[in-house]
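So the structure is just underneath, and the comments pick up after that.
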Amino acid sequence: MTRLATILDERNLTYTAVATRAHLQPRTVRQLATGETPIDNVAVGTVRRIASALSVPVTAILEPDVPHPGDATLSRVARLSAAIRELMWSGEPVAHASPVDSREADDMATLPADEFFADMPAVDGRRA
Amino acid sequence: MAVGPEVYRAVGESDELSSGDVAFLSLARTRLVGETPPGETYDPMGRIPAYPRPALLPLPHGREVAVDTMFALVVTHSCEIDRQKNLDASADHVDCRLTVAPIVPEPAVHLVGSNGDDQAVNWAAIEANEPVASLFLPPIPDVSMLASGVDALPWPRSFADLRGLVTVSRGMVEADRLFGLAPDYLGTLQRQLARFFTWRDLARHELVEALVGRRVVDAIPLNARGDRLRVALTTDDGSSVTVELRAK
């Protein structure tokens, strides 16, 4: 969830209500709130108007700056440290499809790897 | 149960690439515009919310590329990586790509089933590597123990999600590797890959019924346990099912 969406949610505000106050199209506010349009990709004036309509500083609706792979402005260890901090511990948990597709595990799940592959040479031999 | 120090190993910047390397990467998913995951629980734009900072690159003809920036686990077998290197087709060979699985951290998600039901309890199953589509990655109290110079940060409980496999450049993995899997745990990764690509649960009765009248062209014994033997059957129309035979 974007910071803008969080503020709208906390204040129970609609896109239209904010758009009216900011003299913007509701679609613009929606696209920014849902993240469909990254807030870094719009004019500074648009961001200022939304912040003003919400009576918050501009920084309150900007997304935190997160590192990019290969960013040459940071050392490798600084990139990796920032990535762990920003990506592995992100705030609000969101729904994610569970990989567990059955309540009952198959027998193979508990086999040690060497036991699991014990029959593999026979299969490979048949292919050869 | 897998425990952090037994699962991971340190990886130096100049070390050879290996299966089990964990790196900070940009992953691309191509898809039709507007494709959405099933159910109302998920992001209506079809992004995978647990993948941070999704970006969209529009393509012609109703296609798009979603780009996710996150940590991922190399699953390409080390023998294949070495083979490409030995063929002198490594660093600048455009098609020598590595297959990686996105890493989903526990703090970023709450697991849900296909009907939206909460499955937080299923972390226990993931931890035991019961699902075919995940490899559990245990927490690490201090990553700097494995990655010299990196801040002393904890690494949360997480899993590599084999449902989201993508390929990336070898150079990208080399540039931002964090640590790797220890040799013992690589065996578990390989077992999970074998299960993911070949193994499904025992066939439902109607699937077996549908094979009546077909000729079995191949039967591969999968494993035996006690009085039970599981066998993968392939029929002359290319169908395959796994059945369980009992001695008693």
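Quick note: the coordinates plus some simple rules give every number you see, no bench work behind them. Computed from a predicted model, the values in this text were never measured in an experiment. Backbone-built Cβ (ideal geometry, glycine too); neighbour counts: all protein chains shown.
General remarks:
- Length released on extending from B:Val65 to B:Ala247, taking residue separation times 0.36 nm less the Cα-Cα span: 60.4 nm
- Cβ neighbours within 10 Å from other chains - mean over B:145-155: 4
- Counts of other chain beta carbons within 10 angstrom of each beta carbon in peptide A:63-71 average 4.
- Average partner coverage of B:118-130, which counts Cβ from other chains inside 10 Å: 4
- Near-label residues of segment A:1-30 by backbone N, under 18 Å of a point 7 Å along Cα→Cβ of A:Ala43: A:19-30
- About the centre of its Cα atoms, segment B:205-246 shows a dipole size close to 220 debye [charges on the beta carbon of Lys, Arg (+1) and Asp, Glu (-1) only; nearest 20 debye].
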